[in-house]
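The values are calculated or read from the model by the stated rules, or taken from the named source; none is laboratory data. Since the structure is predicted, the reported quantities are computational estimates derived from the model, not experimental observations. Heads up, the Cβs are rebuilt from the backbone with ideal geometry, glycines too, and the neighbour counts pull from every protein chain shown.
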Amino acid sequence: MKSSVFFLYAFAGVIFVAAGVFAADTNAVVTTPPVYVPDMSHASGPLPDGILAWDGTTKETNAAAEATEAHFVFSFTNISTNPVVFLSVRTSCGCTTAKLPPLPWTVPAGTNAQFDVTVNLAGRSGTLLKTVTVSTDKGSKMLVLKITILPPVTPVMSEADRLRAQTVARVNRQAVFQGECAICHVKRGTGKYGQALYEADCAICHESKNRAAMVPDLHAIKTPTNYEFWRTWITHGKPGSFMPAFSVADGGPLPDMQIASLVSYLNRAIPSQAPSLQ
């Protein structure tokens, strides 16, 4: 009997202590870190100096003629005493892509960060200028990209190699797209359109100072030309000459869209020297 009474008292004591603990927890003060609330009053203006220190706000690079992309990395440090919140990013065109962490992106004071930018170079030539504008709760900053696409490098051929290539082309005009010849006559035009494609695939023969006698000067054609004229010769080539068929269906390297862009460029850029066929 005494042991049973003792057990009841002990059990009651446990309940009492537990109730005290819960009561103490209910009255306890829980401290949470303050939540940073961005001040949006300056978000619409330019980003002032003394907020972000960039490794460069204008970046330049050279790209090989066959390059399909150019890559950049922008690094910066938040040198202010408050966090900086990146709200949005926009680029000057669809060929430029900025890869930031999920937005809004908070960069704490005193910390370093970076993001990548990629520019699609397919079908491009010459010098390109692109911009990336980042908007933060402290203001906006425009970053500038400059890409210089270098002209294609044409391997130097000896006269003996040139004559040997011409002999092979007389037998098989499609040989220009095979073996080592493909380096100049196929790979350089990959992904290019219009003028860039002409400069990569056509100018190497038709604009060359060492143009073979059988290769015509396109700027001095004496027969009438129009869209169908260029399309026929580019697509199917000319049997008995060095002119190969560029169409994939005829054993060439170019799909229909590239051929169409090339035809449009030639029809516009090299007007006929004779009365129109139309």
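Here are the numbers for the structure shown:
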| item | result |
| --- | --- |
| Odd one out for Tyr193, checked against (1) of a type in the set (Ser, Thr, Tyr); (2) touching an Asp or Glu at 6+ places or on another chain (Cβ under 9 Å); (3) within 23 Å of Arg124 (Cβ to Cβ) | (2) |
| Residue check for Gly237: at pLDDT 90 or above, out of contact with any strand residue (DSSP E or B) (no Cβ under 8 Å at 6 or more places or on another chain) and surrounded by 13 or more Cβ atoms within 10 Å (Cβ to Cβ) | no |
| Single match in His236, His206 (criterion: under 23 Å from Arg124 (Cα atoms), in contact with an Asp or Glu (Cβ under 8 Å, 6 or more places away or on another chain) and not aromatic (Phe, Trp, Tyr)) | His206 |
| Filter result for Lys187 (free of Cβ contacts under 8 Å to residues at least 40 places away in the same chain, out of contact with any Gly (no Cβ under 8 Å at 6 or more places or on another chain) and basic (Lys, Arg)) | no |
| Total residues in the range 240-267, condition within 19 Å of Thr223 (Cβ to Cβ) and at pLDDT below 90 | 4 |
| Flag for Phe72 being assigned to a strand (DSSP E or B), at pLDDT 95 or above and touching a Lys or Arg at 6+ places or on another chain (Cβ under 8 Å) | yes |
| Residue match in the range 41-59 (condition: of a type in the set (A, V, I, L, M), more than 14 Å from the chain's Cα centre (by Cα) and part of a strand (DSSP E or B)) | yes |
| Residue within the range 135-142 that is aliphatic (A, V, I, L, M) and in contact with a Phe, Trp or Tyr (Cβ under 9 Å, 6 or more places away or on another chain) present | no |
